[in-house]
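Colleague: Structure below; questions to follow.
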Amino acid sequence: MRQRLGLPYNTRMPDVAFYSLGCKLNQYEVQALREGFLGHGYREVPFEGPADYYVVNSCTVTADADRTTLALVRSAHRANPGAQIVVTGCLATADAAQLRDLPGVTHVVDNRRKNSILYRITGLPETAEEESPFFEAGISYFEDKTRAFVKVQDGCDYFCSFCKIPYVRGRLASRDPRRILEELDRLDAHGYREIVLSGVCLGSYGRDLGDGWSLARLIQEALSRPGSYRIRLSSIDPRDTPLELARIMAETPRLCPHLHLSLQSGDDDTLRRMRRGYTTSDYARLVEGLRRGVPDIGLSTDIIVGFPGEDDEAHRRSEAFVAGVGFHRVHVFPYSERERTAAARMENAQPAEVIQDRLARMDRAARASAAAAVETWIGRTVTVLVESRSLRAGCAEGFSEHYARCVLESAEEGLRGSLVRMKVDARDGLRLRGRSV
Ligand code: SF4
């Protein structure tokens, strides 16, 4: 390989370091890049240390993410001023010029050309791929993770008024189902007991493929093949959540009875200005239908507080609606203005202190209703994917099929990555405590 890379035979193969910011898709893509580089003899080294190449997979979902990306690039350059720094991902797609000027940056590659990075660095003909949001070879393991993320779809056609993603990830694109199914088989063979199907707009999978493909069909095809892993779905939009998913969940424990059903606001006027395309009663009806199919379904969500024009009355309605749904996990985000979005041009931006106050109030309300939701699993037996073990307490931690955080008491060694049945004895904050059965 040295010779093919034009390196003298007695020199070491180059070192490469990776850093992925942001979402599951970014992490999946860095894994695909990792496998490509390591498969061609490169040696992976920690990002904090010196390397010959650094690959930063950037994010731009909030202003904070932009700042973190720039800081990572600077730290890489400090670690090795002679290194080549490759910046890809959403900030690289949104603002390549800013990144190109940074010291050490030799490649700025946008999201739709990520699969060309290996070829740009190695120049090896066999690494050249047609331009696509997907990696031909895919992945076969997930570095240092107990669950694997699998990218099935990219892009979004919705253009919610606060969101920058369609401008950086492009329009809806679904991956070839055969490639996905082969990847699931590989990950199963490598012992992954939980695989998360991921996308920007996951529920719209297959819409551009035709031939009856959909997320539900993909799941059924996957579960019709031999395998001992369970499937979890990453965040999904209420507009793309058919009740069919609940029917499959009710039929087989291999599809986790959990949905991260992004609500964003519990106030109709705010939803309208967010261009979310549904009302709180639409959302409540969907939740009712899902619970008819799977009474104990785990429901989590995302909520934005402080959206332009959201007055205190609207916030109170949003808080009340969130508390009423009974989510067991709520991620509350302060509104972050993103350039190019419609919301950035809206009037009535909320003062920072008001946003902070609403963040605290929504978080309190969400935690109270989450505690009540988690309480309903006491006395039940759940199946935990063990992620870690704390030697001191002799406990192991992980997530149940409903995506509740669980503490497995007096757990034996070596359970990491396996599915363990746990009888729930108690609630500990928003966590469940119990023993293996
Ligand atoms: S559906 Fe999601 S990714 Fe698409 S524009 Fe809305 S928030 Fe962004």
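Colleague: Kindly indicate whether Arg43 is farther than 22 Å from Ser198 by Cα, among the basic types (Lys, Arg), in contact (Cβ under 8 Å) with a residue 24 or more places away in the chain and open to solvent by 30 Å² or more (accessible area, probe 1.4 Å).
Modeller: yes
Colleague: If a residue counts only when it is under 21 Å from Val332 (Cα atoms), which helices (runs of 4 or more DSSP H) contained entirely in the stretch 238-307 have at least 2 such residues?
Modeller: The helices (runs of 4 or more DSSP H) meeting that bar are 268-273, 280-293.
Colleague: Right, here's the next one. Looking at this structure, is Ala320 out of contact with any strand residue (DSSP E or B) (no Cβ under 6 Å at 6 or more places or on another chain), open to solvent by less than 50 Å² (accessible area, probe 1.4 Å) and modelled with pLDDT of 95 or more?
Modeller: no
Colleague: Restricting to the stretch 170-195, name every residue that is touching a Phe, Trp or Tyr at 6+ places or on another chain (Cβ under 8 Å), surrounded by fewer than 16 Cβ atoms within 10 Å (Cβ to Cβ) and not charged (D, E, K, R).
Modeller: The one that is touching a Phe, Trp or Tyr at 6+ places or on another chain (Cβ under 8 Å), surrounded by fewer than 16 Cβ atoms within 10 Å (Cβ to Cβ) and not charged (D, E, K, R): His190.
Colleague: Could you please find all residues in the stretch 392-424 being open to solvent by less than 50 Å² (accessible area, probe 1.4 Å), at pLDDT 90 or above, closer than 25 Å to Thr252 by Cβ and touching a Leu at 6+ places or on another chain (Cβ under 8 Å)?
Modeller: Of everything in the stretch 392-424, those that are open to solvent by less than 50 Å² (accessible area, probe 1.4 Å), at pLDDT 90 or above, closer than 25 Å to Thr252 by Cβ and touching a Leu at 6+ places or on another chain (Cβ under 8 Å) turn out to be Gly398, Phe399, Ser400, Ala404, Cys406, Leu408, Gly417, Ser418, Val420, Met422, Val424.
Colleague: Go through the stretch 308-317 and give me each residue that's surrounded by fewer than 16 Cβ atoms within 10 Å (Cβ to Cβ) and in a loop (DSSP other than H, G, I, E, B).
Modeller: Gly309, Asp311
Colleague: Given the conditions (1) part of a helix (DSSP H, G or I); (2) near the ligand (Cβ under 10 Å from one of its atoms), and given that Arg186 satisfies all but one, which numbered condition is not satisfied?
Modeller: Going through (1) part of a helix (DSSP H, G or I); (2) near the ligand (Cβ under 10 Å from one of its atoms) one by one, Arg186 breaks only (2).
Colleague: Whether any residue in the stretch 147-169 is open to solvent by less than 20 Å² (accessible area, probe 1.4 Å), at pLDDT 95 or above and over 30 Å from Arg275 (Cα atoms) is what I want to check.
Modeller: Yes: the stretch 147-169 contains one or more residues that are open to solvent by less than 20 Å² (accessible area, probe 1.4 Å), at pLDDT 95 or above and over 30 Å from Arg275 (Cα atoms).
Colleague: Tally time: how many residues in the stretch 201-234 are small (Gly, Ala, Ser), in contact (Cβ under 8 Å) with a residue 40 or more places away in the chain and not in a loop (DSSP other than H, G, I, E, B)?
Modeller: Count: 2.
Colleague: Looking at Cys163, Cys156 in this structure, which one is touching a Pro at 6+ places or on another chain (Cβ under 7 Å) and within 14 Å of the ligand (Cβ to nearest atom)?
Modeller: Checking each option against the conditions leaves just Cys156.
Colleague: Answer yes or no as to whether Val374 is in contact with a strand residue (DSSP E or B) (Cβ under 9 Å, 6 or more places away or on another chain), surrounded by 13 or more Cβ atoms within 10 Å (Cβ to Cβ) and touching a residue at least 24 places away in the same chain (Cβ under 8 Å).
Modeller: Judged against the criteria, Val374 is a match.
Colleague: Have a look at Asp282, Asp237, Asp269 and point out the one that is of a type in the set (Asp, Glu), in contact with a helix residue (DSSP H, G or I) (Cβ under 8 Å, 6 or more places away or on another chain) and touching a residue at least 60 places away in the same chain (Cβ under 8 Å).
Modeller: None of the other options fit; the residue is Asp237.
Colleague: Kindly indicate which of Glu413, Glu397, Glu387 is within 23 Å of Asp188 (Cα to Cα) and part of a loop (DSSP other than H, G, I, E, B).
Modeller: Selected residue: Glu413, the only one of Glu413, Glu397, Glu387 that is within 23 Å of Asp188 (Cα to Cα) and part of a loop (DSSP other than H, G, I, E, B).
Colleague: Okay, moving on. Tally up the residues in the stretch 325-357 that are part of a helix (DSSP H, G or I), without any contact (Cβ under 8 Å) to a residue 40 or more places away in the chain and open to solvent by 40 Å² or more (accessible area, probe 1.4 Å), please.
Modeller: 5
Colleague: Residue pairs, Cβ under 9 Å, 6 or more apart or interchain, first in the stretch 115-135 and in a helix (DSSP H, G or I), second crowded, with 21+ Cβ neighbours inside 10 Å and polar (S, T, N, Q). List them.
Modeller: Listed by first residue and then by second, the contacts come to Ile117/Thr88.
The values are calculated or read from the model by the stated rules, or taken from the named source; none is laboratory data. Quick caveat, the model's predicted, so the values are computed rather than measured. Note that we place each Cβ from the backbone using ideal geometry, even for glycine, and neighbour counts take in every protein chain shown. Heads up: the accessible areas ignore ligands, DNA and RNA and are worked out on the full protein's heavy atoms, side chains in. Shrake-Rupley method; radii C 1.70, N 1.55, O 1.52, S 1.80 Å.
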